[in-house]
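The structure appears right after this line, and notes come after that.
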Amino acid sequence: PSPPDGGWGWVVVFGAFVSIGFAYAFPKGLAIFFKEIQDFFGTSYSEIAWVSSIMLATTYGAGPISSILVNRYGSRPVVMFGGLLCGIGMVSAAFCTSILQLYICVGFITGFGLALNLQPSVIIIGKYFLKRRPVANGLAMAGSPVMLCTLAPLNQFLFDNFGWRGSFLILGAILLNCCVAGALFRPIGAATTSVKTQATKEGKATLKEEVSKDAMEISSPMNIHTETKTEEEGERDCCEKINQYLDFSLFKHRGFLIYLIGNVLMFLGFFAPIVFLAPYAKHIGIDEYSAAFLLSILAIVDMIARPTTGIIANSKWVRPRIQYFFSFSIAFNGTCHLLCPLASGYTGLVVYSVFFGLAFGMVCAMLFETLMDLVGAARFTSAVGLVTIAECCTILLGPPIGGTLIDTFGDYKYMFIKCGAVMVLAGTFLFIMNYYNYRMLAKEKERKAKEEDPKSVRTENEGRNDWNKETAEDGPELEPLREEQEGLKKEVNGT
C-alpha cells in the first residue's frame, strides 16, 4: 500500500518517539551510575566504559537479526518482545555481584532488547510516510533528547534515594513502556475490507489476467522475462532465501558503500563524549546534579535541533543534496569536540553542551534519512541491518579507547581530541566522496542519453504509438495494463 503520509502515521511516530528515545538515550543516561559502580567494584575507566560499549554495540550489531524478524513478523511483535527483554535485563542487573555479570545483563540482554526497539521503529516510519518522511523522522528521532533530558536527572534522583541496585529495578519497569509503544505500530494496510470489495478485486484480477494473456503475446520480451523469473524463483537455494531478508547486492551500490565507510569511521568517536561528559564534570570538581544537568542541557538543545533539521532537510533547496548537509553535520560535531579542551569551568562546559547538542541532533535527524535517500524505501530494511552490524565494531571500541586514553594520560582532553579528529575526518571523507558520487551519477545519465540512437528512438516511439492505437480500439479495460507496463519500464530504466 502507498504511504498515507498522515492519519494513524502520526500515532506511529509517537510510538517510534518512545522506542527510539529509549534505544538511544538509555545507554547514555546510565553514565550517571558509572562513577559509583566503578568505586563499588573497584574497576578502571576503560572497564566500566565497556558496559555502555557492549550495550551500544549489541543494539547496532543485532540490526540484521532485527531486520529479519521485522520482515518475517512485522514491527509490532518485535518491538513488544524487545521491550520485555529490556525490562528483564535491567531487573537482572540489579542483582549482579561482578562487573562481568553487568556486561551480560545490561550489555547483551538489555542491548538486544533496545535493538529490537530501534530498527522496527525506523522501518515502519518509512512505510507510513513518503513526502513528509524527513519531518516524521526528525520528530521520531527527537525522542532521544527528550528521554535523555528526563533520564539524566531522574537517574541521579533514583541513585540518591534507592542506590544503583534499586535504580536498576525501577528503570527495568520503566523500560516496559516500550511494549506499549510497540502496540501502536499497526501494520499498514491491515484494515478489514468488506466481502464486496474483495469480490470486486478478485473480478478485476481475473479480468486483468485475461487481458494480460492477450497483451503479453504482443510483448514477447516481457513474457520471456516473466518466464525466466519464475524459473529462478523455483531454483532458489538457501543463499537466495537469506538474500530475501538481507539484500547483499547493496555492497555493489556505490552510494551505500560511501555511506557505510563514512559512518563506520564516524561512530569511532560519536558516543564516547556523551558517555564521559558527566564523569569529566565530576572529575574537575563539579557537583553531581550540575554534572547531570549538562546532559539535560545537551538533550534540550538536541530536542529542538532534530525536528528543525528534519524541516530544513525536507526543503526543496536541501533535500536534493541532503548528503552534503549530513557531511557538514558530522564535521561540525567533530569540531565541537576539538574545542572542548579549551572550555575551563562549568560555564565553558555549558557552552560546549549547547553546541554539542546542536551538532548531535543534526547528525541523528539525518542518520537514517540519508540512507533511505540513497537506497530507497524498498531496500531500506536490508540496508539498516547491514549498516548497523558493520557499525557495531567501532561503536564497541569507541568508549573503551577513550577510557584507555583517560587511564593512560590521566586527562580527559586527549579523549575529546581523538573523537573530534575522527569525526572531522569522517565528515570530510563523506563530503568528497558524495561529490564524486553525484558527478558520476550525472555522467552516467548523460552517457545513457548519448548512447541512444535517434533512429532507434524514433522507431520505438512509432511502435509505441501503434500499440496505443490498437489498445485504444480494444476499450478502456487495458488502461491498467498500460500503466503497469510503463511502471515496469521505469523500474528497469532505474535499475
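The values are calculated or read from the model by the stated rules, or taken from the named source; none is laboratory data. Not measured: the values here are computed from a predicted model. Positions of Cβ are backbone-derived with ideal geometry, glycine not excepted, and every protein chain shown enters the neighbour counts. We work out accessible area using only protein heavy atoms, side chains counted, and drop any ligands, DNA or RNA first. Shrake-Rupley method; radii C 1.70, N 1.55, O 1.52, S 1.80 Å.
A protection proxy built from the mean count of other Cβ atoms within 10 Å ranks the segments 251-262, 311-322, most packed first, as 251-262, 311-322. Backbone phi angles across region 260-274, fed through the Karplus curve with coefficients 6.51, -1.76 and 1.60 (θ = phi - 60°), yield HN-Hα couplings of 5, 5, x, 6, 4, 5, 5, 6, 5, x, 7, 9, 4, x, 6 Hz in residue order; Gly and Pro are listed as x. For region 246-444, the Cα gyration tensor yields ellipsoid semi-axes of 32, 18, 14 Å (square root of five times each eigenvalue, largest first, whole Å).
Taking the Cβ-Cβ separation of LEU441 and ARG72 as r and a Förster radius of 41 Å, what is the calculated FRET efficiency to the nearest 0.05? About 0.75, to the nearest 0.05. Taking the Cα of TRP10, stepping 7 Å toward and past its beta carbon, and measuring to each backbone N in region 170-186: which are under 20 Å? Counting only backbone N, you get 181-186.
Please work out how much length the chain gains when fully extended from LEU130 to GLU47, using 0.36 nm per residue of separation minus the C-alpha to C-alpha distance, in nm with one decimal.
Values: separation 83, 0.36 × 83 = 29.88 nm, distance 4.37 nm.
The LEU130-GLU47 span can extend by a further 25.5 nm.
For PHE271, no residue whose modelled amide H falls within less than 5 Å of its own remains once neighbours fewer than 5 places apart on the same chain are excluded.
Rounded to the nearest 20, the size of the Cβ-charge dipole of region 1-188 about its Cα centre is 740 debye, with Lys and Arg at +1 and Asp and Glu at -1. Computed packing ranks the peptides 410-417, 129-136, 279-286, 59-66 as 59-66, 129-136, 410-417, 279-286, most packed first, by mean other Cβ atoms within 10 Å.
Couplings 3J(HN,Hα) of region 111-124, computed from phi: x, 5, x, 5, 4, 6, 8, 6, 4, x, 5, 5, 5, 6 Hz, in residue order, whole Hz [Karplus 6.51 cos²θ - 1.76 cosθ + 1.60, θ = phi - 60°; x for Gly and Pro]. When the solvent-accessible area of region 1-188 is split by element, carbon and sulfur atoms take up 71 percent of it, the probe being 1.4 Å.
Among 360-367, 118-125, sorting by the average number of other beta carbon atoms lying within 10 angstrom of each residue, highest first, gives 118-125, 360-367.
Stretching THR428 away from LEU176 to a fully extended chain increases their span by 86.7 nm, per 0.36 nm per residue minus the current alpha-carbon distance.
Along each principal axis, taking the top coordinate minus the bottom one, the Cα set of region 1-85 gives 56, 24, 19 Å in descending order.
Applied to region 307-319, the Karplus parametrisation 6.51 cos²θ - 1.76 cosθ + 1.60 on θ = phi - 60° returns per-residue 3J(HN,Hα) values of x, 4, 5, x, 5, 5, 5, 7, 6, 5, 8, 9, 4 Hz, with x for Gly and Pro. A Förster radius of 22 Å combined with the Cβ-Cβ distance from LEU257 to LEU338 puts the calculated FRET efficiency at roughly 0.20.
From the C-alpha coordinates alone, can you work out the Kirkwood hydrodynamic radius of region 1-188, in Å? Each step should come with its number before you reach the end.
On the way: mean 1/r = 0.0604 Å⁻¹.
Evaluated on region 1-188, it is 16.6 Å.
Rolling a 1.4 Å probe over the protein heavy atoms gives region 1-188 an accessible area of 33 Å² per residue.
Under the Kirkwood approximation applied to all pairs of distinct alpha-carbon atoms, what is the hydrodynamic radius of region 283-352 in Å? Kirkwood radius, region 283-352: 14.2 Å.
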